[in-house]
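Shown next, in structure tokens, is the structure this report addresses.
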Amino acid sequence: MDTLPEKPGVYIYRDAKGDIIYVGKAVSLKHRVRSYFGAAAARDPKVNALMSRARELEYIATDSEVEALILESNLIKEHRPRYNVYLKDDKSYPYLKVTLKEQFPRVLITRRPAKDGSRYFGPYTRVGAVHETLRLLKRIFPLRTCKQKEPAARSRPCLNQHIRRCLGPCCDLVTPGEYRRVVDGVLLFLEGKQEKLLKELRQRMDMAAGNLDFERAAQIRDQLQAVEKVIEKQKIVSDDLEDRDVVAMARSRGESCVMVFFVRGGKLIGREHFVLDETESMKRAEVLYAFIKQYYLQVEFIPREVLVEDVPGDEIEVLERWLSGKRGARVYVSRPRRGEKKKLVDLAGRNALLVLEEVQAGRAARSDRLLQALAELARVVDLDAPPRRLECFDISNIQGAETVASMVVFEDGRPAPQQYRRFKIKTVSGPDDFASMREALGRRFSRGREERELIDSGRMSSRQAKFHRLPDLLVVDGGKGQLSSAVAALEEQGFTGIAACGLAKEEESLFLPGRPDPVRLPESSPALQVLQRLRDEAHRFAVTYHRQLRGKRNLKSMLEEIEGVGATRRRELLRAFGSVEKIKEAGLEELAAVPGMNRRAARAVLDFFND
């Protein structure tokens, strides 16, 4: 400990397996790490739990506390240590993306923000809110919605242009400058600067009317009215017309819900909430501080002021320096104690509590319904207890080509995606679903038996094993034939004690071994609904894998037709893009940047797909 530097940086605790279990930031690494061994730390349950598992300490020194804060946030996001608070599933939050690097930009929904010159707005916790915003943008702003990065030349405009939902860049009906003015309006709208947008729209409408272009003036008038309707629904919460975020939280039963209000130009234009687990041993200020570091690491727009319910007082200055650096202008982090700003923080806190109560009530109701469904399922298939682990298998192919099988797992009625598995069928030729099912199940249970033997002998840990856990109920997508193949595979591998059933798509009938007639459950049956969700998920997973393999095969065969693109270039294109659609969407510079390609070959690929 004495060798640690008295410099700012990040310290990392690892457990006996070498896994990162905690990442922390320090103004002085030496003093901060020493605090974990003091009397105050000994009274902290969280610190005690952490130190009981910690076996190794690493540190990374930085030049400043702001650099340490950024590094800490990035490491938490990458490694998700057990004892850090983090935004679960942050990589799956949807964003709105404005593709500013394109000559005629589009507005898309994406879950993978990247440093590609585009503007990103989000993250949104509700997918419905993103789609609703996108639909509103399409009504107000006539931007193109085609998938190509650059619109392909057309002799006639598309339907969207006819109904005035697109300006028609593919038919040269708009200049890049005119189109860009519409894009600027989209950016103002998404930034919450509607008043500025209204002013610009009025100026353009008056200019069009002055030039006797009454049709254009009428189109801008319609945009103006649509934006005004949106503004009417927004609540004025401050008279100073400032941009600010308001952050507050509520906590119950070990969970915290953090609410963020977005105030733009003095109006409340929206809100998002985030639920954080395992925060019961942390102070409110610590939870909010951990949230702010991760949340503002992701977002594109940072307002001039951030109002927070509470954060550690000695961290406000470093937060302000970090956020100011990201924004490119001064940002103030405030903890209001009275006045209108305090009322706004309290309002956010009350909304956080309402959302948390809804989340927990909804989860409890869903849990009760799942328990009822599994109990009913146990009665139907004659099990002694409700099945906790369900596995479903499905086969996907087209005329026997690229045949694959999927294995999907539900635990306690809920999907467990980390346990999904997929199989490429190796021994079956032609479209034989029965034989394919038998092969897939044979491989799954053979591997399961081997892993269980290795675990029992101490030669493998359960963490390394992928198939050692066995289902309480095996479900196959299909009828008697698929079920017979499943039962045969179980018998061959010595797992006759595992219950099995088949769910046929046509009439949603349930087939059970040894029963000549299927069981028909009512559509309202909770047990049937769980089986349907399980079967549909297995089908989706199998079809997705099949399409991947088919896409790679088609890509290779299509690229063989392009003059000047040999085997090496085909391999590099496949490695870089992975699908026909992505190569079709790629621009000249992107294609030319692929190893082994040049501008001439890239032009040949571009011309091939455009033709």
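The values are calculated or read from the model by the stated rules, or taken from the named source; none is laboratory data. The structure displayed is predicted, hence computed values, not measured ones. For neighbour counting, all protein chains shown are included, and Cβ atoms are generated from backbone atoms with ideal geometry for every residue, glycine included.
Can you find even one residue in the range 49-66 that is closer than 30 Å to Pro176 by Cα, aromatic (Phe, Trp, Tyr) and not assigned by TED's automatic domain parsing to the domain that holds Glu320?
no
Go through the range 112-126 and give me each residue that's out of contact with any helix residue (DSSP H, G or I) (no Cβ under 8 Å at 6 or more places or on another chain) and at pLDDT 75 or above.
Ala114, Lys115, Asp116, Gly117, Ser118, Tyr120
Considering only the range 158-167, how many residues are buried (at least 16 other Cβ atoms within 10 Å of the Cβ), without any contact (Cβ under 8 Å) to a residue 24 or more places away in the chain and not in a helix (DSSP H, G or I)?
1
Only strands (runs of 3 or more DSSP E) wholly contained in the range 236-324 count here; list those with 1 or more residues that are over 25 Å from the mean Cα position of the chain (by Cα), assigned by TED's automatic domain parsing to the domain that holds Gly349 and under 23 Å from Arg80 (Cα atoms).
Because the criterion is at least 1 residues that are over 25 Å from the mean Cα position of the chain (by Cα), assigned by TED's automatic domain parsing to the domain that holds Gly349 and under 23 Å from Arg80 (Cα atoms), the strands (runs of 3 or more DSSP E) in the range 236-324 that meet it are 244-252.
Given the criteria out of contact with any Asp or Glu (no Cβ under 7 Å at 6 or more places or on another chain) and of a type in the set (A, V, I, L, M, F, W, C), does Phe141 qualify?
In short, yes.
Just checking, does the range 155-170 include any residue being over 24 Å from Leu224 (Cα atoms) and modelled with pLDDT of 85 or more?
Yes, there is a match, as at least one residue in the range 155-170 is over 24 Å from Leu224 (Cα atoms) and modelled with pLDDT of 85 or more.
Can you find, within the range 54-68, the residue that is surrounded by the most Cβ atoms within 10 Å (Cβ to Cβ) among those that are out of contact with any strand residue (DSSP E or B) (no Cβ under 7 Å at 6 or more places or on another chain) and assigned to a loop (DSSP other than H, G, I, E, B)?
Ser64
Look at the range 97-150 and say how many of its residues are assigned to a helix (DSSP H, G or I) and of a type in the set (Asp, Glu).
Here the count works out to 1.
Step by step: first the residues of the range 190-222, then only those that are among the small types (Gly, Ala, Ser) and surrounded by fewer than 16 Cβ atoms within 10 Å (Cβ to Cβ), then the one that is farthest from the chain's Cα centre (by Cα). Which residue is that?
So, considering only residues that are among the small types (Gly, Ala, Ser) and surrounded by fewer than 16 Cβ atoms within 10 Å (Cβ to Cβ), the one farthest from the chain's Cα centre (by Cα) is Gly210.
Considering each of Lys77, Lys91 in turn, give the residue that is modelled with pLDDT under 85, surrounded by fewer than 15 Cβ atoms within 10 Å (Cβ to Cβ) and outside the structural domain of Arg180 (by TED's automatic domain parsing).
Lys91
If we scan the range 540-554, do we find a residue that is assigned to a loop (DSSP other than H, G, I, E, B) and among the charged types (D, E, K, R)?
No - not one qualifying residue is present in the range 540-554.
Here's the yes/no breakdown for (1) within 29 Å of Ser509 (Cα to Cα); (2) free of Cβ contacts under 8 Å to residues at least 24 places away in the same chain; (3) of a type in the set (Asp, Glu):
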site	(1), (2), (3)
Val428	yes, no, no
Asp432	yes, no, yes
Ala435	yes, no, no
Arg444	yes, no, no
Arg447	no, yes, no
His468	no, yes, no
Pro471	yes, no, no
Gln482	yes, no, no
Val487	yes, no, no
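Looking at the range 587-611, which of the residues that are in a loop (DSSP other than H, G, I, E, B) and in contact with an Asp or Glu (Cβ under 9 Å, 6 or more places away or on another chain) is surrounded by the fewest Cβ atoms within 10 Å (Cβ to Cβ)?
So, considering only residues that are in a loop (DSSP other than H, G, I, E, B) and in contact with an Asp or Glu (Cβ under 9 Å, 6 or more places away or on another chain), the one surrounded by the fewest Cβ atoms within 10 Å (Cβ to Cβ) is Pro595.
If Ile109 satisfies every condition in (1) among the aliphatic types (A, V, I, L, M); (2) modelled with pLDDT under 80; (3) touching a His at 6+ places or on another chain (Cβ under 8 Å) but one, which is the exception?
All conditions pass for Ile109, except number (2).
Which ones in the range 566-583 are more than 18 Å from Leu549 (Cα to Cα) and crowded, with 17+ Cβ neighbours inside 10 Å?
Arg569 - this is the single residue of the range 566-583 that is more than 18 Å from Leu549 (Cα to Cα) and crowded, with 17+ Cβ neighbours inside 10 Å.
Residues that are surrounded by 20 or more Cβ atoms within 10 Å (Cβ to Cβ), modelled with pLDDT of 90 or more and within 17 Å of Glu286 (Cα to Cα): does the range 12-23 have at least one?
yes
Residue check, Ala41 against (1) farther than 24 Å from Leu319 by Cα; (2) in contact with a helix residue (DSSP H, G or I) (Cβ under 7 Å, 6 or more places away or on another chain); (3) hydrophobic (A, V, I, L, M, F, W, C); (4) touching a residue at least 12 places away in the same chain (Cβ under 8 Å), all met but one. Which one?
(4)
Pull out all pairs, ordered by first then second residue, where Cβ-Cβ is under 9 Å, the residues are six or more apart or on different chains, the first lies in the range 346-357 and is in contact (Cβ under 8 Å) with a residue 40 or more places away in the chain and at negative phi, and the second is surrounded by 14 or more Cβ atoms within 10 Å (Cβ to Cβ) and among the β-branched types (Val, Ile, Thr).
Leu347/Val237; Leu347/Val246; Ala348/Val246; Ala348/Val247; Ala348/Val260; Ala352/Val258; Val355/Val275; Leu356/Val275
Any chance the range 133-140 includes a residue that's touching a Pro at 6+ places or on another chain (Cβ under 7 Å) and free of Cβ contacts under 8 Å to residues at least 40 places away in the same chain?
no
Kindly indicate whether Phe495 is within 20 Å of Phe434 (Cα to Cα) and part of a helix (DSSP H, G or I).
No, not satisfied.
In the range 335-348, what count of residues is obtained for those that are closer than 20 Å to Tyr289 by Cβ and either surrounded by fewer than 16 Cβ atoms within 10 Å (Cβ to Cβ) or in contact with a Cys (Cβ under 7 Å, 6 or more places away or on another chain) (or both)?
3
Residue-wise test of (1) under 21 Å from Asp477 (Cα atoms); (2) touching a residue at least 12 places away in the same chain (Cβ under 8 Å); (3) not charged (D, E, K, R).
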| site | (1), (2), (3) |
| --- | --- |
| Ala364 | no, no, yes |
| Ala378 | yes, no, yes |
| Asp382 | yes, yes, no |
| Arg388 | yes, yes, no |
| Ser406 | yes, yes, yes |
| Val409 | yes, yes, yes |
